[in-house]
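Encoded as structure tokens, the structure appears first; notes follow it.
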Amino acid sequence: MKTGLFKMMLLLCLTIGLAQLKTLAQSTIVQTKYGKVEGSTEENIRIYRGIPFAAPPVGNLRWRPPQPPASWTGVKKTISFSASPIQTKPVPFLCWSAEFIAPPSPLSEDCLYLNVWTGASSSKEKRPVFVWIYGGGFSSGSAACAIYDGKNYAKKGVVFVSINYRVGALGFMASPELTKEGHGSSGNYGLMDQVAALKWVNENIAAFGGDPSNITIGGQSAGSMSVNALIASPAAAGLFQRAIAESGGLLGEIKPASLAEGEKTGQALQEKLGSTSLNEMRALPADTILSASQGMANLSFSPIRDGIFLPADLEKALTGGKFNQVGFLGGWVLDDAVLIHPSKATPEEFIKIMNETYGKKAEKLLILLPHDSEEQASASLKTMNLIYFGALSPYKLSKYNSKPCYIYEFAHVPAEKPGFPDYGVFHTSEVPYALNTLHLWDRPWKALDLNLEEKMSSYWINFIRSGNPNGPGLVKWEPYRTGFSLEIGDTIQGKNDQYKNILEVLASD
């Protein structure tokens, strides 16, 4: 009797266990608007890599706004990253080791895919959503970079999404013919890709346990400039509620070209290719376009103030409040501009640089900046380069934004890597701390680094959840309107009115 009862109980347990395993196996299948996708599971996190959010931008769709992807039947396996956008073969350089670089292959014009990490077990959970946009100077980059992994964010309750977009000439070429075809607009196709990805997220992320009414966009360098562009673009209105911009903007040193300037660059490329029409250029291999554009000195392909996707006058749109008013967190790293600007100057050289760069504002700035010796002039030059590149854009966005804005300066030198040069607090070095991915960056991390990573990523995640970065165990971070900014260094501390006088001069009419 007891033996029979035991067997029955064992059979029941096995049946329940098998049913649970079957449910677990099926749990990675999600129904999207265009068809079912099946991902993989790692540490109870469901991961979907390579979901198409737009049709391949090839052939007749080259240099056109992204189109919806084709629907499919059955279940699409989404377990591997898609190809990265076509670009010069990615290789590590200077401070950017392999963890910061796109995989060397595959590279393709067919690149409009996104990736999702989620810890949600059902579509009813409505977790906050974070959409990450990579950097790379609008000429390179990939959502498949190691340090952009979303697993740790997903473990902490965020649905993490990373997206690809077109770069270089294939993503940002303008021309008179394209302007006519686009009813007054051309260029910005890479930014249009980002909008298409955000529309996909709004339509589909609930199926992954995300809340489409609680979306934060974020990015670094060109990704941060993209965030600025999406804040400014009418095309992105209502697609996100908050924004994080790390080390990059469109309201400081780097300014988008006008439509006329963009068209001139596109015409130069067309002439170099010997093409007489867009149809001829669309018929060329993508590698031919890439090769020709790479050899064009002093000409770049990046966002354009076309008057449609982006305002023709960004400053006027900003001061007039004609931008997407969303919660904002932004900042820079201490050595952001070191690799692109000279760091030493005599007093005479400093005065000349200031006059050439800032015109009528130079007189007021020179009063604020010590420059009696070469040591003083060099220090002041570094400060001005940092402010103009990194601080001015978030300052302006905060000044005219009706929503709470939080400003930071990252000042921590990463743990030294034996045999690798010390680049200080280099551009992009904060990203693994913010995204909780130090474990994917090959360095001998110290307790100080790991503690800083935990705190910084907590600020970011808190902001993504609610628009307020503060939480238990964290130094209180006041909104910038009070003049408060957060220094994230070996220790975390508040600063009041950092660079205030210089920023006020730069932001004045």
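The values are calculated or read from the model by the stated rules, or taken from the named source; none is laboratory data. Keep in mind that this is a model prediction, so the values were computed, not measured. When we count neighbours, we look across all protein chains shown, and the Cβ atoms used for this are built from the backbone with ideal geometry, even at glycine. Just the protein is used for accessible areas: all its heavy atoms, side chains included, with ligands, DNA and RNA removed. Shrake-Rupley method; radii C 1.70, N 1.55, O 1.52, S 1.80 Å.
Restricted to the stretch 291-305, and to residues that are open to solvent by 60 Å² or more (accessible area, probe 1.4 Å) and not in a loop (DSSP other than H, G, I, E, B), which residue is modelled with the highest pLDDT? Break it down into steps so the answer makes sense when it comes.
From the stretch 291-305, those open to solvent by 60 Å² or more (accessible area, probe 1.4 Å) are 291, 294, 297-300, 305; that's our starting set.
Narrowing the set further to residues that are not in a loop (DSSP other than H, G, I, E, B) leaves 291, 294, 305.
Details: SER291: 94, GLN294: 87, ARG305: 97.
Looking at residues that are open to solvent by 60 Å² or more (accessible area, probe 1.4 Å) and not in a loop (DSSP other than H, G, I, E, B), I get ARG305.
What residue, among those in the stretch 186-238 that are in contact with a strand residue (DSSP E or B) (Cβ under 7 Å, 6 or more places away or on another chain) and assigned to a loop (DSSP other than H, G, I, E, B), is surrounded by the most Cβ atoms within 10 Å (Cβ to Cβ)?
Top of the filtered list is GLY187.
What number goes with the only condition from (1) crowded, with 24+ Cβ neighbours inside 10 Å; (2) part of a helix (DSSP H, G or I); (3) hydrophobic (A, V, I, L, M, F, W, C) that LEU250 does not pass?
Looking at each condition in turn, LEU250 falls short on (2).
Could you tell me which residue of the stretch 448-479 is surrounded by the fewest Cβ atoms within 10 Å (Cβ to Cβ), considering only residues that are farther than 20 Å from LYS495 by Cα and among the β-branched types (Val, Ile, Thr)?
The selected residue is ILE461.
From PHE208, PHE138, PHE130, grab the single residue that is aromatic (Phe, Trp, Tyr) and either touching a His at 6+ places or on another chain (Cβ under 7 Å) or under 22 Å from TRP96 (Cβ atoms) (or both).
Working: PHE208 fails: either touching a His at 6+ places or on another chain (Cβ under 7 Å) or under 22 Å from TRP96 (Cβ atoms) (or both); PHE130 fails: either touching a His at 6+ places or on another chain (Cβ under 7 Å) or under 22 Å from TRP96 (Cβ atoms) (or both).
Testing whether each residue is aromatic (Phe, Trp, Tyr) and either touching a His at 6+ places or on another chain (Cβ under 7 Å) or under 22 Å from TRP96 (Cβ atoms) (or both) leaves just PHE138.
Give the residues of the stretch 433-486 that are modelled with pLDDT of 95 or more and among the β-branched types (Val, Ile, Thr), sorted by residue number.
Of everything in the stretch 433-486, those that are modelled with pLDDT of 95 or more and among the β-branched types (Val, Ile, Thr) turn out to be THR437, ILE461, ILE464, VAL475.
Do any helices (runs of 4 or more DSSP H) lying entirely in the stretch 306-380 carry at least 3 residues that are open to solvent by 50 Å² or more (accessible area, probe 1.4 Å), touching a Leu at 6+ places or on another chain (Cβ under 9 Å) and under 30 Å from SER226 (Cβ atoms), and which ones are they?
Numbers: elements: 314-319, 347-358, 362-368.
Correct list: empty, since no element meets the threshold.
Look at the stretch 451-498 and say how many of its residues are touching a residue at least 40 places away in the same chain (Cβ under 8 Å) and out of contact with any strand residue (DSSP E or B) (no Cβ under 9 Å at 6 or more places or on another chain).
Of the residues in that region, 2 qualify.
Quick one: how many residues across the stretch 57-115 are aliphatic (A, V, I, L, M), under 26 Å from MET192 (Cβ atoms) and open to solvent by 70 Å² or more (accessible area, probe 1.4 Å)? Show your work before the answer.
In the first step, residues of the stretch 57-115 are kept if they are aliphatic (A, V, I, L, M); the result is 58, 61, 70, 75, 79, 83, 86, 91, 94, 98, 101-102, 107, 112, 114.
So of that shortlist, the ones also under 26 Å from MET192 (Cβ atoms) come out as 58, 61, 70, 83, 86, 101-102, 107, 112, 114.
In the following step, the residues that additionally are open to solvent by 70 Å² or more (accessible area, probe 1.4 Å) were identified as 70.
Counting residues in the stretch 57-115 that are aliphatic (A, V, I, L, M), under 26 Å from MET192 (Cβ atoms) and open to solvent by 70 Å² or more (accessible area, probe 1.4 Å) gives 1.
Identify all residues within the stretch 271-280 that are over 16 Å from LYS180 (Cα atoms) and open to solvent by less than 30 Å² (accessible area, probe 1.4 Å); write none if there are none.
SER275 - this is the single residue of the stretch 271-280 that is over 16 Å from LYS180 (Cα atoms) and open to solvent by less than 30 Å² (accessible area, probe 1.4 Å).
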